[in-house]
Amino acid sequence: MLEDILHGKEPSQLVIISDSIRHFGRTLLKSFTKSLAARVDEVHIFHFDTAPEVFLSGFDDTTKRKLHSHDGWSDSLMWTRNTKPSNANGKLYFTESLDLVTQISNAKQENSVKIAVIIDSLTPVLIHKYLSFVSKALHHLCNDTGDFTVTQLVCLLHNDVHEEHTVDMIRHSATSCLTLSPNASIASLYDEPYGMCNLVHKKLSGKVITKYEGYSVVDDLRFISFDLSKLPTTAMEESPTETINPTENLTFNLNLSAKERQAKNNIVLPYTIQDAQKASHLRGGAGQIFYQPDEADDYDDEDPDDDLDI
Amino acid sequence: MFTELNALLDCIPSRPPKGQFILLSDNLTDGTFILHHYISLFLKGGHKVCLVSLSQSFSHYNAVGQKLGVNLSLAKEKNQLVFIDGLQCSLQLFASSDDSMQNNPLVCIRDSKTTLQPLYEMVRNAVCNSDGKVETPVLLLIDDLSILLSLGISLISVYDFMHYCVVMLCGSIQSVGCLVTLIHSDKDEENSLLLRHLLYSSHLHLHMNGLSSGFCKDVHGELSIHWNDPWQILPSRQRRKIYQYKIQDKHVSFFAPGTSAAVL
């Protein structure tokens, strides 16, 4: 399923990749970028978490030609604007109104219609702007863009630095939500998954699909999907073991026939107190205590309280 | 400089870490000894160091430096070391009431509308050359970020300040600077949140943990080393290692968990 979404076989307009400090989701985001570049006219990338050059390294030249960077990383608060030669093109500032749609319109070539958008990542935007701002911006990008259409919008979101309701709100608006977790392994990325992905996908028909898949992204940002049922680590499901009958194949007989069982139940075992015997004992009146002093017993006939003057 | 630690971190003393953000955190123990390791590593290599101190005075670092074989006073005179005395700056803000504090780098303690930009500019002047660039290996060490939070500075301000330090020193592939900072992550929610935020941009995370069984004279704590790969240019699995350590008079010895003198 994840592979279908990545390669565009299964349409999904807004994809949220939520990662954690235990497992970063940037490789998957880059794999999405590469796949999108092959399908659309232009891919616009908003960098808030890493330097544009860092993100762009690793892509081949054909892919790079289709990528357009918008730098919201190097001087997002205008702290260094005065000392550097101002090159406002493609720079984003949290201190100004951050209109992603206008940014794309200004940067795109005129004949490009199909556009994909990558946001790396939403976390700094959520910190500096409000949640409502981010929700509106995502909605705006998906539905109301004017002269171009956004085929797919893929956003990275760091799961463990926001409040739960913030993450839930963002996820709610997504058509596909990929929650990543690590896969402890030392095998090569070709043999065992790099990470695990919990996928919730809303189909156009309204059906919601939930899947748990393994994935790897290898050297040339190629995506590999793993069928969890074929992996040695997850193929540990125990086959129902046959219950062994210990009385089978013995040299002697441990089983009882019905007749034998009845005969066995009728026998009264020695030293067993029967109900009638028990009742006669109880009816026998007050009990008596017989005490036979031992030789070693120091038995005193005198009243021990004799000297008390009460 | 602890030679054993260099070996664990694959660091050659003549070539100190370049373009790296090294994040230290400690829990139920004191992890400041690693800070002194990095100060002496850079000073011995003849590189520039900028030390933003919020927790100790200069004489403290100088005394520890002398034990490790570096003279901080001399380095300061030669301009190899720039010491920003955050302790003094924060005290001035609390102690004096006049309004002439606008030049104080920590003015945002008093005025919540301002940011840590003055501190950033002070640091930038210390580490950058006249063109505003970092071209030679330089260490920026901040001891420690938890104090900024404790002084009442908002988490976002500290996060922004750190973001700009990362951009300046170790944000891109060509960067040659090195950023080292410490956060105490004992149970405090704000500290843990800041730590998680910074982990997304750090290259190396060293976490010092006290022993859960309590004091032991042969083991002072546990060090876990995580090699993070925030850029993920080539996909690879995250590496991590765990060691126990014992701090001695002039060096620290590291050993595999369970192989201390108390056990063997």
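Helices meeting the span-like rule in chain B (full DSSP H runs, Cα extent of at least 30 Å along the helix axis, mean Kyte-Doolittle score of 1.6 or higher) are absent. Computed log10 I(q)/I(0) for chain A at 0.15 Å⁻¹: -1.23, from the Debye equation with unit scatterers placed on every C-alpha and solvent omitted.
Ligands, DNA and RNA are left out, and with a 1.4 angstrom probe the accessible area of chain B is 44 Å² per residue.
Expressed as a whole percent, the accessible area of the range B:80-228 that falls on carbon and sulfur atoms is 51 (1.4 Å probe).
Solvent-accessible surface, computed for protein heavy atoms with a probe of 1.4 Å, shrinks by 50 Å² or more for the following residues of the range A:120-146 when the other protein chains are added to the isolated chain: A:Ile127.
Under the simplified labelling scheme, the A:Asp60-B:Val263 pair shows an inter-label distance of 4.9 nm, with each label point 7 Å from Cα along Cα→Cβ.
Taking the centroid of alpha carbons for each part, the range B:68-98 and the range A:18-71 are 42 Å apart. The charge dipole of the protein assembly as shown, taken about its Cα centre with unit charges on the Cβ of Lys, Arg, Asp and Glu (plus for the first two, minus for the last two), comes to roughly 4260 debye. Legend: mean number of C-beta atoms from other chains within 10 angstrom of residue C-beta atoms, peptide A:152-159, equals 1. Specify the longest stretch of chain A that does not include any exposed loop site, a site being one of the trypsin sites (Lys or Arg not before Pro) with a non-H, G, I, E, B DSSP assignment and at most 16 other Cβ atoms within 10 Å. In chain A, the maximal stretch lacking such sites is A:208-310.
Here B:Gln92 and A:Lys129 are evaluated by their C-beta separation; at R0 = 35 Å the FRET efficiency comes out at 0.55. Subtracting the Cα-Cα distance of A:Lys211 and A:Lys259 from 0.36 nm times their residue separation leaves 11.5 nm of extension gain. May I ask you to derive the FRET efficiency for A:Phe252 and A:His281 from their Cβ-Cβ distance with R0 = 30 Å, giving the value to the nearest 0.05? Working from the Cβ atoms, E equals 0.15. With helices as the sole contributors, the protein assembly as shown gives -8500 deg cm²/dmol at 222 nm; each DSSP H run of n ≥ 4 counts as -39500 (n - 2.57), and the sum is divided by every residue. Centroid-to-centroid, using Cα positions, the range B:1-67 and the range A:132-168 are 41 Å apart. Note on the protein assembly as shown: Cα convex hull, mean projected area over all directions, 56.2 nm².
Are there chymotrypsin sites (Phe, Trp or Tyr not before Pro) in the range A:151-234 that DSSP puts in a loop and that have at most 13 other Cβ atoms within 10 Å, and which ones? Here the sparse-neighbourhood loop sites are A:Tyr190.
Legend: residue pairs A:Lys30/A:Lys91; A:Lys34/A:Lys202; A:Lys9/A:Lys211; A:Lys66/A:Lys136; A:Lys9/A:Lys34, Cα-Cα distance threshold 18 Å; pairs beyond threshold, A:Lys30/A:Lys91; A:Lys34/A:Lys202; A:Lys66/A:Lys136. Counting only protein heavy atoms and using a 1.4 Å probe, the accessible area of A:Asp305 comes to about 90 Å².
When both the range A:242-310 and the range B:156-193 are represented by their alpha-carbon centers, they are found 79 Å apart.
Here the spin labels are modelled as points 7 Å beyond Cα on the Cα-Cβ line, and at B:Ser236 and A:Gln274 they lie 8.8 nm apart.
Note on chain B: with a GNM built from Cα contacts shorter than 10 Å, the maximum mean-square fluctuation among B:Phe83, B:Phe215, B:Phe42 falls on B:Phe215. Counting only protein heavy atoms and a 1.4 Å probe, the range A:1-134 has 39 square angstrom of accessible area per residue.
Taking only alpha carbon atoms, the range A:153-306 gives an Rg to Rh ratio of 1.50, where Rh is the Kirkwood radius.
Annotation for the B:A interface, with buried accessible surface near 3300 Å², both sides summed [1.4 Å probe; non-protein components not counted]. Label zone (B:Asn129, point 7 Å along Cα-to-C-beta; backbone nitrogen cut-off 16 Å) within the range B:22-66: B:47-49.
Here the 3J(HN,Hα) profile of the range B:133-139, calculated from phi with Karplus coefficients 6.51, -1.76 and 1.60 at θ = phi - 60°, is 10, 9, 10, 10, x, 8, 10 Hz, Gly and Pro shown as x. Looking at chain A, the DSSP beta bridges with both ends there are about 45 percent antiparallel.
With a simple spin-label model that places each label point 7 Å from the Cα along the Cα-to-Cβ direction, the separation between B:Ala63 and B:Leu155 comes to 3.5 nm. Can you list the residues of the range B:206-251 that have at least 30 square angstrom less accessible area with all protein chains present than in their chain by itself, probe 1.4 Å? SASA drop of 30 Å² or more in the range B:206-251: B:Pro230, B:Trp231, B:Gln232, B:Ile233, B:Pro235, B:Arg237, B:Gln238.
For the range A:260-310, the normalised intensity computed at q = 0.12, 0.23, 0.25 Å⁻¹ comes to -0.65, -0.98, -1.03 (log10 of I(q)/I(0), Debye sum over alpha carbons, equal scatterers, no solvent). The residues of the range A:8-29 occluded by other protein chains by 20 Å² or more of accessible area, set against the chain on its own, are A:Ile21, A:Phe24, A:Arg26, A:Thr27; surface from heavy atoms, 1.4 Å probe.
The values are calculated or read from the model by the stated rules, or taken from the named source; none is laboratory data. What you see is a predicted model; the values in this text were computed from it and never measured. Heads up, the Cβs are rebuilt from the backbone with ideal geometry, glycines too, and the neighbour counts pull from every protein chain shown. In case anyone asks, the SASA skips ligands and DNA or RNA and just uses the protein heavy atoms, side chains included. Shrake-Rupley method; radii C 1.70, N 1.55, O 1.52, S 1.80 Å.
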